[in-house]
Amino acid sequence: MPHSPLSFKLITFFYLLLTLSGASLATVGHHRRPRFSPHNYRDALAKSILFFQGQRSGKLPPSQKMAWRKDSGLFDGSTMNVDLVGGYYDAGDNVKFGFPMAFSTTMLSWSVVEFGGVMRDELNNAKEAIRWATDYLLKATALPDTVFVQVGDANKDHACWERPEDMDTPRTVLKIDRNSPGSEVAAETAAALASASLVFRRSDPSYSKLLIKRAIRVFEFGDKYRGSYSNGLKDFVCPFYCSFSGYQDELLWGAAWLHRATKNGSYLNYIQENGQILGGGELDNTFGWDNKHVGARILLSKAFLIQNVNSLRDYKGHSDNFICSLVPGAPFSSAQYTPGGLLYKMGDSNMQYVTSTSFLLLTYAKYLTSAHTTAHCAGRTITPNALRAIAQKQIDYLLGENPLKMSYMVGYGGRYPQRIHHRGSSLPSIAEHPAKIDCSSGFSAMDSDSPNPNVLVGAVVGGPDQNDGFPDERSDYEQSEPSTYINAPLVGSLAYFAHSFGQL
């Protein structure tokens with residue numbers, strides 16, 4: 001029998017009250033493991049990584065497990081005489097948007113950097129998912145002072161409902177260069193390449209060196225020729241992936257990753273000199289594909305907490321401010337939660353903020369634990385275990401601990417979304433329907449109430465509304481569309497919990 005919203009509020013309140021006092025049995029401690037887990041985090045981890053195979057563009061390898069997907073976009077880049085085959089479709093459409101693809105790559109890499117050591121069998125799968133992206137990003141940055149940032153015309157693509165294998169809309173190629181800068185995409189791409197260089201440092205040193213060398217060059221370009229790609233490419237990238245937060249956050253984020261990957265003092269100097277100008281101390285607490293400030297603060301706090309880089313001391317305080325905004329009842333708390341306890345930021349693809357915030361909570365808890373310290377909110381102490389418990393509450397909600405008793409990950413649990421907003425998943429596969437399905441014919445599937453014929457295993461959808469409601473309608477892209485940037489930070493969180501509960 002479903003709980004009432006009131007009972008969920010009470011459960012959430014007492015859960016957090018116990019947590020903040022350090023008494024919660026659900027808390028994942030650093031030295032002890034709870035005996036029982038409400039979820040199979042290991043299964044969810046495997047599926048969260050498998051999802052990326054369903055988003056692949058290009059020539060698929062023999063190891064492809066998501067068998068209903070086939071080759072697509074095999075001539076991408078040809079109109080500009082460049083090879084842009086590969087990479088990922090961002091969500092339920094067939095466009096390759098470089099900005100969110102790079103962010104997804106950074107977050108997949110950060111997941112492995114922090115929690116890859118406990119991933120066991122899934123580590124190679126995660127690396128494969130990262131490499132599918134970085135191979136493409138290397139192609140997109142092959143020319144000096146140029147980044148190819150998009151393949152496909154989003155307006156024309158969205159006017160069709162067709163499989164990626166069938167697409168016949170223009171594969172328009174967009175780029176940034178000296179004359180049409182895009183500092184946010186360049187710096188995010190640099191962050192992706194730099195973070196991935198850490199992932200491959202031991203297993204493939206030559207590839208790692210190639211990644212970091214390219215990251216350095218791309219960051220220099222983005223920093224030297226400053227400007228937003230939303231200006232020069234507005235008609236193509238807006239309203240889809242406009243940079244609303246500007247490019248300053250990406251420059252700080254990119255420099256932070258280059259500092260971590262290279263240990264080069266020039267990046268530390270850059271951060272010291274430019275951090276405040278680039279918004280390091282601002283109180284914007286939304287972390288996602290557009291705004292990277294909070295991620296940069298958490299990342300830089302490690303240098304202070306663990307490497308004792310005292311010049312970055314302020315980033316510990318900036319990170320604590322972010323934590324204070326999330327903890328219910330804490331001074332300066334500003335986060336909104338649904339009656340069922342889900343962090344709620346906005347109606348469109350809210351789950352991306354849930355997964356990215358949960359990852360930051362676990363990562364910051366790891367740094368605080370290593371430094372034997374805590375977060376502070378106006379004199380109130382918030383322990384690392386408290387942060388872990390808040391993150392677990394969010395991840396468990398996503399996996400089914402919610403008023404609807406529904407998992408928001410496709411293929412996980414007994415009940416999950418059946419009609420996701422995703423072209424390839426909603427149309428019959430090539431194996432079932434070899435004949436081409438043209439642009440307009442596919443809309444009969446989009447408008448249908450039937451479950452998607454192809455299960456996009458591991459896909460996490462946009463999620464419920466502010467009242468924990470979820471209609472499971474294919475046309476409702478705000479709630480029913482999956483994306484790479486929802487899944488990417490989730491990988492790290494699931495690895496952490498799978499290990500903490502003895503599943504890995």
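The values are calculated or read from the model by the stated rules, or taken from the named source; none is laboratory data. Nothing here was measured: the structure is a model prediction, and the numbers come from that model. With ideal geometry, Cβ positions are generated from the backbone for all residues, glycine too; neighbour counts draw on all protein chains shown. Surface areas here come from the heavy atoms of the whole protein model, side chains and all, with no ligands, DNA or RNA. Shrake-Rupley method; radii C 1.70, N 1.55, O 1.52, S 1.80 Å.
How much of the accessible area of the stretch 361-504, probe 1.4 Å, is carbon plus sulfur, in whole percent?
On the way: 2300 of 4730 Å².
After summing per-atom areas, the C and S share lands at 49 percent.
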LYS302 - accessible surface, heavy atoms, 1.4 Å probe, Å² rounded to 10:
40 Å²
With all protein chains modelled, accessible area of CYS242 [1.4 Å, Å²]:
20 Å²
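Students sometimes get this wrong: rank PHE322, PHE501 by accessible area, probe 1.4 Å, all chains present, largest first.
On the way: PHE322 5, PHE501 25 Å².
From most accessible down to least: PHE501, PHE322.
List, in the order given, every pair from LYS302/LYS405; LYS139/LYS234; LYS59/LYS405; LYS70/LYS139; LYS70/LYS213 whose Cα-Cα distance in the structure shown is over 30 Å. Display every interim value, and only then the final one.
On the way: LYS302/LYS405 37 Å; LYS139/LYS234 23 Å; LYS59/LYS405 38 Å; LYS70/LYS139 21 Å; LYS70/LYS213 33 Å.
Long pairs (Cα-Cα over 30 Å): LYS302/LYS405; LYS59/LYS405; LYS70/LYS213.
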Between ASP121 and THR262, the two model label points (7 Å from Cα along the beta-carbon direction) sit apart by a distance in nm of 4.0 nm
Rounded to the nearest 10 Å², what accessible area does VAL112 show when all protein chains are kept and the probe is 1.4 Å?
20 Å²
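Tally Lys and Arg at +1 and Asp and Glu at -1 over the other residues with C-beta under 12 Å from the C-beta of ASN350: what net charge comes out?
Working: positive: LYS345; negative: ASP348, ASP465, ASP468, GLU478, GLU481.
That sum, taken over residues with Cβ under 12 Å, equals -4.
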Largest first and in whole Å, what are the equivalent-ellipsoid semi-axes of the stretch 189-345 based on the Cα gyration tensor, each being the root of 5 times an eigenvalue?
27, 22, 16
With each pseudo-label sitting 7 Å past Cα toward Cβ, what's the SER475-ARG313 distance in nm, one decimal?
5.9 nm
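When the Cα atoms of the chain are enclosed in a convex hull and the volume is divided per residue, what value in Å³ results? Show your work: numbers first, answer last.
Details: hull volume 67.7 nm³, N = 504.
In the chain, the Cα convex hull volume per residue is 134 Å³.
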The set of residues whose placed amide H lies less than 5 Å from the amide H of HIS376, leaving out same-chain residues fewer than 5 positions away, is ILE382
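Would you mind working out the accessible area per residue for the stretch 373-426, using a 1.4 Å probe, and quoting it in Å²? Mind showing how you got there, number by number?
Values: 1510 Å² over 54 residues.
Each residue of the stretch 373-426 exposes 28 Å² on average to a 1.4 Å probe.
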Relative contact order (percent, whole number), the chain, Cα cutoff 8 Å, 6+ residue spacing:
22 percent
What residues qualify as long-range amide H neighbours of THR172, i.e. H under 5 Å apart, gap of 5 or more or another chain, H built at 1.01 Å from N?
GLY152, ASP153
Where a label projected 7 Å from the Cα of GLN466 along Cα→Cβ would reach, residues of the stretch 376-408 with amide N under 11 Å:
none
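Using a cut-off of 14 Å between beta-carbons, work out the net charge of the residues near CYS238 (Lys and Arg +1, Asp and Glu -1, CYS238 not included).
Values: positive: LYS234; negative: ASP153, GLU184, ASP235, ASP290.
Spelling it out: positives minus negatives among the neighbours equals -3.
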Probe of 1.4 angstrom, ligands and nucleic acids ignored: what's the accessible area per residue over the stretch 251-294, in square angstrom?
36 Å²
For VAL461, list long-range residues whose amide hydrogen, built 1.01 Å from N in the peptide plane, is under 5 Å from its own amide hydrogen.
VAL410
With θ taken as phi - 60° and the coefficients 6.51, -1.76 and 1.60, list the Karplus ³J(HN,Hα) couplings across the stretch 260-277 in order, rounded to whole Hz; mark glycine and proline as x.
5, 7, 9, 6, 7, x, 5, 6, 5, 4, 4, 5, 4, 7, 10, x, 5, 4
Can you work out the Karplus-derived ³J(HN,Hα) for every residue in the stretch 49-60? Use 6.51 cos²θ - 1.76 cosθ + 1.60 with θ = phi - 60°, whole Hz, and x for glycine or proline.
7, 4, 3, 4, 5, x, 9, 5, 10, x, 7, 7
Pairs of alpha-carbon atoms within less than 8 angstrom and 6+ residues apart define the contacts here; what relative contact order does the stretch 349-504 have, in percent?
28 percent
Starting at the first residue of the stretch 366-372, write each ³J(HN,Hα) from the Karplus equation 6.51 cos²θ - 1.76 cosθ + 1.60 with θ = phi - 60°, in whole Hz, x for Gly and Pro.
5, 5, 4, 4, 4, 8, 6
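Using only DSSP helix segments of four residues or longer, with each worth -39500 (n - 2.57), what per-residue ellipticity at 222 nm results for the chain after dividing by its residue count and rounding to 500?
Rounded to the nearest 500, the figure is -14500 deg cm²/dmol.
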